[in-house]
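J.: Pasting in a structure now, in structure tokens, and then I'll have a few things to ask.
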Amino acid sequence: MMSIATDDVYLNGDYLPLSQAKISVLDRGFLFGDGVYEVIPAYAGRLFRLEQHLSRLDRSLDAILMQNPLSHDEWERALNRLLQNNQDQDYAVYLQITRGAAQGRDHSFPPDLKPTTFAMAYPASQPDAELIARGGSAITLPDIRWHLCHIKAITLLGNVLLRQQAFADGAVEAILIRDGYAYEGSTSNIFVVRDGRLTTPPDSDLLLPGVTRDLVIELAEANNLSLILAPITERELSMADEIWLTSSTKEVLPITRLNDEPVGAGVHGPVWQRIQDLFRHYKEQLRAGQVA
Ligand code: PDD
């Protein structure tokens, strides 16, 4: 395999420096946010749950009437090539597929467009140890997004505004409320613990089926933790003993303040600690090449 520079990116089959990666201003990703994406952590150069991320990518593409321009094997080769000189620390891979550039600007699209396919790797800092120890704060906000939140669409303006509002409020995340139920955060999934039992909302069009969330569910089930997939009311959220957020970048983050009130005892709880240990162990196994 030919070596590539550490900052090379992948664009439509080529590997080239970021500064030379150019796309048309008529690209529908630019004009309409017409595309989908994935963020995949890489620990010691090993991609975290690659197959699950690529399956979700296929489902997102399916939902927007597109086909994956690359096979899973081709994706694996391309992403590993981006990572080959980037194993000194933890990285994340971002990949995005847009519908491509049409002749002009029309909301409806011609059938034969050539998709724009892009990927890059960048250093991912480990979640802040102090934040994890202390726990983060979150606020609840009305979910102003559309109704197809299971698609990992690049059209993220709702998420951007919600996250920004949380940030302006000094919180790490906004937990989104729709019709009295908490579905997910603006960039993460949610879990709550009440009386020792773990709950996360079931898959639906109103939340992204997180790959980190699915691993947490798997770890909980494999280790006999009490877990149910059930809707979480806003009241249940506010009465929880523990709240956690999960995502590729946050991993499993305890939330110890919600809307300026302590969650449970106001410190991270025992169920979170158990999952955190299991999650850490999984990452160590991944680093050692023992799991995918
Ligand atoms: N976001 N829900 C939303 C709305 C998200 O944006 C994300 C992740 C998740 C968690 O999914 P996963 O565990 O597969 O990362 C849930 C990524 C990290 C982002 O947009 O950068």
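The values are calculated or read from the model by the stated rules, or taken from the named source; none is laboratory data. It should be emphasised that the depicted structure is a prediction, and the values quoted were computed from it without experimental measurement. Reconstructed Cβ throughout: ideal geometry from the backbone, glycine too, with neighbour counts over all protein chains shown. Ligands, DNA and RNA are excluded from the accessible area calculation, which covers all protein heavy atoms including side chains. Shrake-Rupley method; radii C 1.70, N 1.55, O 1.52, S 1.80 Å.
J.: Any residue in segment 241-256 that is in contact (Cβ under 8 Å) with a residue 24 or more places away in the chain sitting within a Cβ distance under 6 Å of a residue that is basic (K, R) and surrounded by fewer than 21 Cβ atoms within 10 Å (Cβ to Cβ)? List the pairs, counting only those 6 or more apart or interchain.
T.: Going by the 6 Å Cβ cut-off, the qualifying pairs are D241/R194.
J.: While we're on this one: Give I23, I40 a once-over and let me know the one that is touching a His at 6+ places or on another chain (Cβ under 6 Å) and among the hydrophobic types (A, V, I, L, M, F, W, C).
T.: I40
J.: Kindly evaluate N189 against the criterion of being open to solvent by 30 Å² or more (accessible area, probe 1.4 Å), at negative phi and of a type outside the set (F, W, Y).
T.: Criteria not met by N189.
J.: Next up: Would you be able to say whether some residue in segment 97-105 is surrounded by 13 or more Cβ atoms within 10 Å (Cβ to Cβ), free of Cβ contacts under 8 Å to residues at least 60 places away in the same chain and not in a loop (DSSP other than H, G, I, E, B)?
T.: no
J.: Here's a follow-up. Can you tell me which condition I151 does not meet? The list is (1) assigned to a loop (DSSP other than H, G, I, E, B); (2) touching a helix residue (DSSP H, G or I) at 6+ places or on another chain (Cβ under 7 Å); (3) open to solvent by 50 Å² or more (accessible area, probe 1.4 Å), and all the others hold.
T.: I151 satisfies every listed condition except (3).
J.: Moving on. Restricting the search to segment 27-50, which residues are within 13 Å of the ligand (Cβ to nearest atom) and surrounded by fewer than 20 Cβ atoms within 10 Å (Cβ to Cβ)?
T.: Of everything in segment 27-50, those that are within 13 Å of the ligand (Cβ to nearest atom) and surrounded by fewer than 20 Cβ atoms within 10 Å (Cβ to Cβ) turn out to be Y37, V39.
J.: Testing W244 on (1) more than 14 Å from the ligand (Cβ to nearest atom); (2) surrounded by 19 or more Cβ atoms within 10 Å (Cβ to Cβ); (3) closer than 29 Å to A168 by Cβ, one condition comes back false. Which one is that?
T.: W244 satisfies every listed condition except (1).
J.: Just need a number here: residues in segment 7-26 that are basic (K, R) and either crowded, with 18+ Cβ neighbours inside 10 Å or touching a residue at least 12 places away in the same chain (Cβ under 8 Å) (or both).
T.: Matching residues across segment 7-26 total 0.
J.: Now a separate question. Just one of N80, N159, N85 is surrounded by 15 or more Cβ atoms within 10 Å (Cβ to Cβ) and either at pLDDT below 95 or of a type in the set (V, I, T) (or both); which is it?
T.: N85
J.: Quick one: T116 ticks every box in (1) under 30 Å from L206 (Cβ atoms); (2) open to solvent by 40 Å² or more (accessible area, probe 1.4 Å); (3) more than 16 Å from the ligand (Cβ to nearest atom) bar one, so which box is it?
T.: Only one criterion is unmet by T116, namely (2).
J.: Specify which of the listed residues (L176, L207, L229, L237) is open to solvent by less than 40 Å² (accessible area, probe 1.4 Å), under 28 Å from A292 (Cα atoms) and either touching a Phe, Trp or Tyr at 6+ places or on another chain (Cβ under 9 Å) or away from the ligand (no atom under 14 Å from the Cβ) (or both).
T.: L207
J.: Now for a different question. I'm told P142 meets every condition in (1) closer than 19 Å to E242 by Cα; (2) of a type outside the set (V, I, T); (3) more than 12 Å from the ligand (Cβ to nearest atom) except one. Can you identify the failing condition by its number?
T.: (1)
J.: Same structure, new question: Do you know which of the residues in segment 187-204 that are away from the ligand (no atom under 15 Å from the Cβ) and of a type in the set (D, E, K, R) is nearest to T256 (Cα to Cα)?
T.: Filtering segment 187-204 for residues that are away from the ligand (no atom under 15 Å from the Cβ) and of a type in the set (D, E, K, R), the one nearest to T256 (Cα to Cα) comes out as R194.
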